[in-house]
Amino acid sequence: MSSDETDVVLTLRERIAANPRPALIWVAGLALLILLELGRIVGWILAAGGAVRMVIGAIPSVPWWVADNVADGLSGVSGGLSQVGGAIGFSVTAALVLIAGAFLVKSLFVPFSVSKKIGLDARQIGPDALSEHLLERLVIAAGLGVGAALILVTPVGGAVDAAVASLTNALEWVANGWTLSDRELISNEGHRSPDGGWEGTFLGLSPAIAWSIRVIVIYAYAFAALVWLWKGYTTYREHYREADWTPRDDWINRFRTHYWGIFGLIVVFGFVVLALWAPALGAANAEANLYSPYQNEFEYLTDDGQVESVAHGTANIQSRSQGGDSTVGIMSYDEYDRWAPLGTNPDGKDLFTFLAFGARTSLMIGLIGIGIATSIALMMSLITSYYKGTIDIATIVVSDTIISVPVFLMVLLLSVVFQQGNHPLADIYSGGLLLALIFGALYWPGLWRAIRGPSLQVAEQEWVDAAKSYGQTPMITMRKHMAPYILSYILIYASLLLGGVIITTAALSFLGLGINPPTPEWGRMVSDGRSYVSTSSWHIATVPGILIVLVVTGFNALGDGIRDAMDPESESGDAGATAAATGGGG
């Protein structure tokens, strides 16, 4: 082979085209996984889309909210001044929202130059690349403003709503279709028949066995998805990666022999699957058993051999675990032959189903809170390490101020203030979104402090200086040449903090200040069952307490494993920062 041929660099698409079979096998596996759980996957997409739509729908109300507050604050001074202040507050807030939206839209959805497409010349503002960068964002902000105005004050908004509603209806139809984990496919909800068998359950099996089969199927599917991800990595590494070795190979090899980290991965995997598949894994239907027990009925076999119907709420009263003889314990049936793998709680509701949906609550709060904290910390680390000087000192002062206050006390204070003030944020997801936002605001200083050293070292590397000398804008330099080397380092600390978010949320709910009923939360169940710990209903508080400890330990173990795999010299102090700065982008 000639030197010219060996020097040819093929794109990933070209490498796949030259050897498509491994990629096709991997894609076929993806198609099979999606087909088996299409309805549930579409349901997740609908849930995510609903959250995004809620956020987008709330954004236009922010300028009006600011304007109303400014006007109310100035109402005691002068009526005319109040109106002027409100108008100024609205205008400034709307401009800031549009500019922030422009930066987000440009970063995520617009790979080309909008200003050049419409014939605007950045040299009219200034000769440098920063002027072009600024013009681009202003053009996009103007476009967002025009689009928002069209949607809010013209019939275009109605047409958009109609299109979104049609798409949502179509997706809901798909989401209600067949899935491998469908409760109706492997049903454990039935009743005894007079001849001693079971009716309504999967293959006539007992509810305990039918439920166990469904749990095994779901976890087997989730494990297959995990294997598919691993197979994707190995396929890329063996067939399509140009380099024979990267630092990630050593990271993965070290992690595979890190048994404490493997333990954490297993625990976190089980927790995430429990949260994602909570509606299917629950022994009881959550809507019927937890949320609307008196609006849903089921059939059961009476002592005289008759099949009758009863509301879940009525049956729950007879199935309450309150110590003594009034207990439905672990791995048992209640008086109505409903299977309760972890028993029932003091209200007679299925404890396993409650814990499964409580896992979903904890995961949502943790991911949103740590996601916000990680985003702020990463952004601030890039800005402060690039510009240094005054902005770095100001960030140090702000972060030290926030860190100086104990996190739990600050979360407790803010949670009480917002809930007692009946703030709208306190009503979303029973206060879950409020907690996530508070965690994001309080945890970013610690994350920023943890990666400040590596960020400063990356900023001094020669490739960053080369990017500056070539005239690249600060935004491009930070995003392309600095962020990849810092991102892997911040993920270590983010994984460690997830456990802290979960246990803090549980502690607040235990005190009655976290997640409000009826949304399930593990800490509140510990609180409800603490008076029964020494009775036959010990499981009410003990089981969720053990789960909290196990999950928090699992996240810490996973974080330790990732840290030791990426930085085997992490215990030697600054060696970790050097490794992240020089090898983190592998």
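The values are calculated or read from the model by the stated rules, or taken from the named source; none is laboratory data. The structure presented is a predicted model; accordingly, all values stated were derived computationally and were not measured. Note: ideal-geometry Cβ built from the backbone for every residue, glycine included; neighbour counts use all protein chains shown. The area values use the complete protein model at the heavy-atom level, side chains included, leaving out ligands, DNA and RNA. Shrake-Rupley method; radii C 1.70, N 1.55, O 1.52, S 1.80 Å.
Summary table
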| item | result |
| --- | --- |
| Exclusive hit being part of a helix (DSSP H, G or I), under 30 Å from Pro60 (Cβ atoms), of a type in the set (A, V, I, L, M) and modelled with pLDDT under 90, set Leu144, Leu167, Leu171 | Leu144 |
| Every residue from region 9-51 that is modelled with pLDDT under 85 and surrounded by 10 or more Cβ atoms within 10 Å (Cβ to Cβ) | Leu10, Ala51 |
| Long-range neighbours under 6 Å by Cβ, at least six apart or interchain, first residue under 17 Å from Gly343 (Cα atoms) within region 508-532, second β-branched (Val, Ile, Thr) and at pLDDT below 90 | Glu521/Ile515 |
| Single match in Leu511, Leu547 (criterion: open to solvent by less than 70 Å² (accessible area, probe 1.4 Å), modelled with pLDDT of 85 or more and either closer than 29 Å to Ser362 by Cβ or touching a His at 6+ places or on another chain (Cβ under 8 Å) (or both)) | Leu547 |
| Condition check for Gly471: touching a residue at least 12 places away in the same chain (Cβ under 8 Å), of a type outside the set (D, E, K, R) and surrounded by 19 or more Cβ atoms within 10 Å (Cβ to Cβ) | no |
| Helices (runs of 4 or more DSSP H) completely within region 1-70 that count 3 or more residues being aliphatic (A, V, I, L, M) and under 22 Å from Leu98 (Cα atoms) | 38-58 |
| Residue among Ile391, Ile330 that is β-branched (Val, Ile, Thr) and within 26 Å of Phe555 (Cβ to Cβ) | Ile330 |
| Extreme residue, most open to solvent (accessible area, probe 1.4 Å), among residues of region 129-180 that are without any contact (Cβ under 8 Å) to a residue 60 or more places away in the chain and among the β-branched types (Val, Ile, Thr) | Val153 |
| Condition broken by Ala541, with the remaining ones in (1) assigned to a helix (DSSP H, G or I); (2) over 15 Å from Phe354 (Cβ atoms); (3) without any contact (Cβ under 8 Å) to a residue 40 or more places away in the chain satisfied | (2) |
| Enumerated helices (runs of 4 or more DSSP H) restricted to region 191-304, each holding at least 3 residues that are touching a residue at least 12 places away in the same chain (Cβ under 8 Å) and in contact with a Ser or Thr (Cβ under 7 Å, 6 or more places away or on another chain) | 207-235 |
| Residue in region 319-342 that is buried (at least 16 other Cβ atoms within 10 Å of the Cβ), closer than 21 Å to Trp277 by Cβ and touching a His at 6+ places or on another chain (Cβ under 7 Å) present | yes |
| Helices (runs of 4 or more DSSP H) wholly inside region 430-510 that include at least 1 residues being at positive phi and more than 17 Å from the chain's Cα centre (by Cα) | none |
| Residue identified as open to solvent by 40 Å² or more (accessible area, probe 1.4 Å) and of a type in the set (Gly, Ala, Ser) among Ser385, Ser404, Ser430 | Ser404 |
| Any chance Thr401 is without any contact (Cβ under 8 Å) to a residue 40 or more places away in the chain and of a type outside the set (Asp, Glu) | yes |
| Residues within region 363-377 that are surrounded by fewer than 23 Cβ atoms within 10 Å (Cβ to Cβ), of a type in the set (A, V, I, L, M) and within 19 Å of Ser107 (Cβ to Cβ), tallied | 2 |
| Of all residues making up region 59-98, the number that are under 26 Å from the mean Cα position of the chain (by Cα) and at pLDDT below 85 | 4 |
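Rundown of residues vs (1) basic (Lys, Arg); (2) in a loop (DSSP other than H, G, I, E, B), yes/no style:
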{"site": "Arg320", "(1), (2)": "yes, yes"}
{"site": "Val328", "(1), (2)": "no, yes"}
{"site": "Asp337", "(1), (2)": "no, yes"}
{"site": "Met364", "(1), (2)": "no, no"}
{"site": "Gly371", "(1), (2)": "no, no"}
